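Working notes for the structure below.
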Amino acid sequence: MELLRRINWRVALVWGLLFVAMSNSFALAEEKLPPEKAFLSDVYKNMMNVNNLHYDLAIKAETPMGEVKITANGEGQKNPLSYKQDINIWLRDAKNKESTMLLKQYIEQNQNNLVIYSLANEKWIKQIVPVGFSLSQELSEDEKVSTRMEMLELMKSVKLKKETPSYKYMEITLDSMQISDVIGAAVKLDNVQDQDMVKAAAIVRLGLLAAGDIKYNVKIDKATKMIKEIDMDLTEPIQKGAGLFLEIGNPKDKANIEEFLAKSTLNMQITYSKYNQVDSIGIPQDVRDNAKEVKAANKEISKKSERILP
């Protein structure tokens, strides 16, 4: 339960800035794209019309101190924005002692807040995380085109790795410098006043620049032009990003931390299915009635810092 209490609202806001910046309409013209990017453009066009889906997430981390496996299966819908998911967290420490934590969650948007209901140890808790803008905002057709083009512009390269009669397997390289600039522009564009928020955004930008370009693989159904699976090896970006902060902080146990990072790996896989076939997601009334509200941060959020969009 203590883990759930440590969620920091600023994390949601920082990553939300990327969504805000990418969702703004800049009236970009649809330009001639290389074949693989043109194919992805069609894929993203289809994905933007998805209102609900099922997903299966698997995260695996191996370190000298042990191993962590997180699996989640759930369903999400765009309008109104809602999620429900079951999470299994498996841990094995350096002495080979194993433990498991099971979580059940419902998430919904209430105005400019995310409301998260979590069940652990047979108790429901409720957390309200301000995000400052509507995640389920409907885009016009022009805005969808702009957003799609902006997403493609963040891609430094797109390579076809393998093709079968049914699927395309593609490697996408994201330009971390452009992503960093997008976050910086969003902070400036929306005139963010909260200094903690500004500092958090700066840290994320530094981490991205240190991590370098980020690669991931996608499996795409050729017939429907829909994404079926995403695979990411985050080992190298995490090592590079953490290395920068080690240099800045210069901790006494720097050598031990560097060795720990060098011997650690982190991988993530997401599988999508049941596009536009999921039943409407609702939060049971007994969950609403029995959840105990806990603060998602240690201090109250001022009205000024809540408002990210004008």
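Taking 13 Å as the cut-off, the amide N atoms of the stretch 199-229 that come nearer than this to a point 7 Å along the Cα-to-beta-carbon line of K161 belong to 215-220, 229. Normalised by the number of residues in the stretch 53-115, the mean separation of alpha-carbon contacts (under 8 Å, six or more apart) gives a relative contact order of 26 percent.
In terms of distances greater than 22 angstrom between alpha carbons, the cross-link table entries K215/K274; K69/K126; K219/K274 yield K215/K274; K69/K126.
Across the stretch 79-126, Cα-Cα distances exceeding 13 Å account for 64% of all pairs.
Scanning residues 5 or more positions from L114 or on other chains, those with amide H under 5 Å from its amide H are V129, V131, with H placed 1.01 Å from N in the peptide plane. Taking one quarter of the surface of the convex hull spanned by the alpha-carbon atoms of the stretch 78-187 gives a direction-averaged projected area of 12.3 nm².
Computed 3J(HN,Hα) for the stretch 97-114, one whole-Hz value per residue from the Karplus formula 6.51 cos²θ - 1.76 cosθ + 1.60 where θ = phi - 60°, is 7, 9, 8, 9, 10, 10, 10, 10, 9, 10, 9, 9, 9, 10, 6, 9, 10, 9, glycine and proline marked x.
Applying the Karplus relation 6.51 cos²θ - 1.76 cosθ + 1.60 with θ = phi - 60° to the stretch 78-87 yields 3J(HN,Hα) values of 7, 9, x, 5, 8, 9, 9, 7, 10, 10 Hz, where x marks Gly and Pro. Sorting the segments 70-80, 143-153 by their mean number of nearby beta carbons within 10 angstrom, highest to lowest, gives 143-153, 70-80.
Our estimate of slack between L57 and E171, defined as 0.36 nm per intervening residue step minus the Cα-Cα distance, is 39.1 nm. Working note: Karplus 6.51/-1.76/1.60 with θ = phi - 60° gives the stretch 228-235 the couplings 9, 7, 10, 10, 9, 9, 8, 4 Hz, where Gly and Pro are set to x.
Computing FRET efficiency as 1/(1 + (r/R0)^6) for L206 and Q178, where r is the C-beta to C-beta distance and R0 is 22 Å, gives about 0.90.
Site pair E122 and D86 shows an inter-label distance of 1.9 nm when each label is modelled 7 Å from Cα along Cα→Cβ.
Annotation: amide H-H contacts under 5 Å for K228 (H modelled 1.01 Å from N, sequence separation of 5 or more, or interchain): K219, I220, D221.
The packing ranking of peptides 117-123, 273-279, 101-107, highest mean first, is 101-107, 117-123, 273-279, where packing means the average number of other beta carbon atoms within 10 angstrom of each residue. With the simple spin-label model, which puts each label point 7 Å out from Cα in the Cβ direction, the T235 to K32 separation comes to 4.1 nm. Proximity of backbone amide H atoms, modeled 1.01 Å from N, is registered between Y167 and K222 at under 5 Å, excluding neighbours fewer than 5 places apart on the same chain. When a 1.4 Å probe is rolled over the protein heavy atoms, the share of accessible surface on the stretch 63-141 that falls to carbon and sulfur comes to 49 percent. Taking a Cβ cut-off of under 11 Å around E62, the surrounding Lys, Arg, Asp and Glu residues balance to a net charge of +3, with basic ones at +1 and acidic ones at -1.
The values are calculated or read from the model by the stated rules, or taken from the named source; none is laboratory data. All values derive from a computational prediction rather than experimental measurement. Backbone-built Cβ (ideal geometry, glycine too); neighbour counts: all protein chains shown. Only protein heavy atoms, including side chains, enter the accessible area calculation; ligands, DNA and RNA are left aside. Shrake-Rupley method; radii C 1.70, N 1.55, O 1.52, S 1.80 Å.
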